[in-house]
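Shown next, in structure tokens, is the structure this report addresses.
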Amino acid sequence: MITVTNINRMVTDSKVKLSGSVYSDYHQLNNFEVWFSYPVHYYDKVTVSANPFVAALLMPAMSLGQTLRVEGEISPKMLLGAERFMEIMNKWRPEYRPIKIEAAQSDGTIKNGRNIGMFFSGGVDSFYTLLKNENTKLPASEKISHLLFVHGFDISLDDHKLFIMALKGVEAAAKEYNRQIIQVSTNVRYITSNILDWEMYFGSAMISVALGLECLFCKVYIPGSCKYEDLFPWGSHPLTDPLWATESMDIIHDGCEASRVEKILWQVGKSQVALDNLRVCWENRFSRYNCCVCEKCIRTMLNLEAAGIIEQCKSFEHRLSYSDVENLPIADMRDRIFARRNYEALVAGGGDPQLIRALRTALSPLSPYKRREMFRRFKKAIKLKNLIKLARK
């Protein structure tokens with residue numbers, strides 16, 4: 001059993017810290033504190049319910065096959081959603097097993113949060129959701145008011161230099177479009193890193209942060225990454241994200257109507273602030289704003305190339321090389337979908353023929369990346385065979 005007790009909020013160092021003590025038979029989660037840190041002026045808006053802790057720890061509990069017990073009140077609506085969430089996640093990935101959730105149910109009283117938030121990392125998807133909302137004729141009550149910027153997800157808690165660099169980009173966007181920034185930090189990724197796959201968990205982790213402010217928001221947007229026709233099992237998905245809604249707060253998975261190239265053409269490429277501050281890198285090599293060598297950086301530079309505006313984007317220090325594109329690491333279905341979309345956009349737009357050939361090479365069954373992976377696995381198999389021979393002597 002995983003048990004969460006002593007849920008409380010307290011003011012420390014100009015922050016309000018929401019925390020709970022975690023106990024479990026699994027050593028990494030035993031006698032540990034899971035916490036969320038928000039700006040101190042949101043003290044009255046920070047909940048002390050079970051909701052954020054259920055969202056944060058449900059998937060770890062599913063991975064370990066343990067009952068999740070939280071000493072606090074849970075939204076009845078969210079509890080029903082969590083049951084459905086477990087069914088879907090188990091169909092996608094059977095190693096995540098449905099488990100029992102033990103928590104007292106609240107009376108379902110609706111909080112008075114009237115604001116609309118969105119998670120904002122400074123990437124293509126984030127800017128698209130913000131700009132679409134900004135440029136659509138909506139009443140003021142439907143406009144996004146707050147940008148949630150989280151430290152501890154794609155930027156590790158000990159990398160303060162990169163966090164400050166990234167924050168400047170978020171601040172530029174917030175200033176240009178008159179939005180408030182909520183800086184949040186949390187250790188939920190750190191304490192679960194050896195238990196489950198982050199790519200299947202990050203949606204729940206994000207929503208746990210939002211649920212900590214359920215007294216502030218009536219709606220929170222999560223920018224999506226894929227078009228509807230390209231969807232695949234992933235941690236943030238239009239099927240699963242809305243299941244975390246409470247009686248007071250809806251969760252909206254946004255942006256599935258557009259590919260990444262379309263997002264740039266329709267919204268992002270029309271904003272110089274977005275192009276000057278675009279940050280997509282999650283590998284954070286060399287602590288750069290964008291490393292320009294990881295799969296996501298190269299993918300985004302291809303997006304910009306296909307949209308014909310790469311020269312206007314100042315947030316990538318280096319430009320694409322044909323060699324980088326040929327060696328693009330297409331490791332899974334998600335990478336292949338994004339690469340295929342870029343290839344189609346480059347061909348349709350009459351892009352650089354050599355760049356198109358390089359991307360076609362990366363997509364081929366015997367791409368440089370796949371050949372390297374085959375060789376690596378071969379060496380590993382030979383090494384294992386030799387070890388077995390030595391063990392039998």
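The values are calculated or read from the model by the stated rules, or taken from the named source; none is laboratory data. Keep in mind that this is a model prediction, so the values were computed, not measured. Cβ sites come from the backbone with ideal geometry, for glycine too, and all protein chains shown count toward neighbours. Accessible surface areas use protein heavy atoms only, side chains included; no ligands, DNA or RNA. Shrake-Rupley method; radii C 1.70, N 1.55, O 1.52, S 1.80 Å.
Over 28 Å between Cα atoms, which of K161/K227; K263/K370; K137/K270 qualify?
Violating the 28 Å Cα-Cα cut-off are K161/K227; K263/K370.
Dividing the alpha-carbon radius of gyration of the chain by 2.2 N^0.38 Å (N being the number of residues), what value is obtained?
Rounded to two decimals, the normalised Rg is 1.04.
Please work out the FRET efficiency for the pair H318 and T5, using the Cβ-Cβ distance as r and a Förster radius of 35 Å; give the result to the nearest 0.05.
It comes to 0.10.
Tell me, what ³J(HN,Hα) does each residue in segment 106-119 have, in order and in whole Hz, if you take phi through Karplus 6.51 cos²θ - 1.76 cosθ + 1.60 with θ = phi - 60° and put x for Gly and Pro?
Using θ = phi - 60°, the values come out as 6, 7, x, 4, 7, 6, 9, x, 10, 8, 10, x, 8, 7 Hz.
Applying a 10 Å radius around every beta-carbon, put 43-56, 139-152 in order of their mean neighbour count, most first.
Descending packing order for the listed peptides: 43-56, 139-152.
Quick one: which of 67-79, 122-134, 5-17 comes out on top by average Cβ neighbours within 10 Å, and what's the full order, highest first?
122-134, 67-79, 5-17
From the helices alone, meaning DSSP H stretches of at least four residues, give me the mean residue ellipticity at 222 nm for the chain, per-run term -39500 (n - 2.57), in deg cm²/dmol to the nearest 500.
-13000 deg cm²/dmol
Pull up all non-local amide H partners of I74: gap of 5 or more, or a different chain, and H-to-H distance under 5 Å with H placed in the peptide plane.
The list, which skips near neighbours in sequence, is A50, A104, Q105, S106.
Which length gain, in nm to one decimal place, applies between K143 and Y26 when the Cα-Cα distance is subtracted from 0.36 nm times their residue separation?
Contour length minus Cα-Cα distance gives 37.8 nm.
Can you give the local net charge around I195? Use residues other than it whose beta-carbon is closer than 12 angstrom to its beta-carbon, Lys and Arg +1, Asp and Glu -1.
Neighbour charge sum, excluding I195 itself: -1.
P(r) tail for segment 114-163, what percent of Cα pairs lie past 13 Å?
Counting pairs separated by more than 13 Å, the tail of P(r) holds 62 percent.
What share of the DSSP beta bridges in the chain is antiparallel, in percent to the nearest 5?
40 percent
In the structure displayed, which of K91/K175; K143/K314; K132/K314 lie more than 32 Å apart, Cα to Cα?
Too far apart for the 32 Å limit: K91/K175.
Could you look at segment 97-181 and say what percent of its accessible area is carbon and sulfur, using a 1.4 Å probe and all protein chains?
It is 50 percent, rounded to a whole number.
Give me the distance between the Cα centres of segment 242-283 and segment 140-154, rounded to whole Å.
Using only Cα atoms, the two centres lie 11 Å from each other.
Roughly how many Å² is the accessible area per residue of the chain, as a whole number, for a 1.4 Å probe?
45 Å²
Take the alpha carbon gyration tensor of segment 300-377, find the square roots of its eigenvalues, order them as a ≥ b ≥ c, and report rounded if a/c is under 1.5; if not, report prolate when a/b exceeds b/c, else oblate.
Prolate is the answer for segment 300-377, as a/c is 1.5 or above and a/b outweighs b/c.
Roughly speaking, what is the stretch gain from R376 to E87, that is 0.36 nm per residue apart minus the C-alpha to C-alpha distance, in nm to one decimal?
In short, 100.4 nm is gained.
With a 1.4 Å probe and every protein chain kept in, tell me what percent of the accessible surface of segment 239-366 is carbon plus sulfur.
Carbon and sulfur together cover 53 percent of it.
Thinking of segment 243-393 as a set of Cα atoms, what percent of all their pairs are more than 19 Å apart?
It works out to 62 percent of all Cα pairs.
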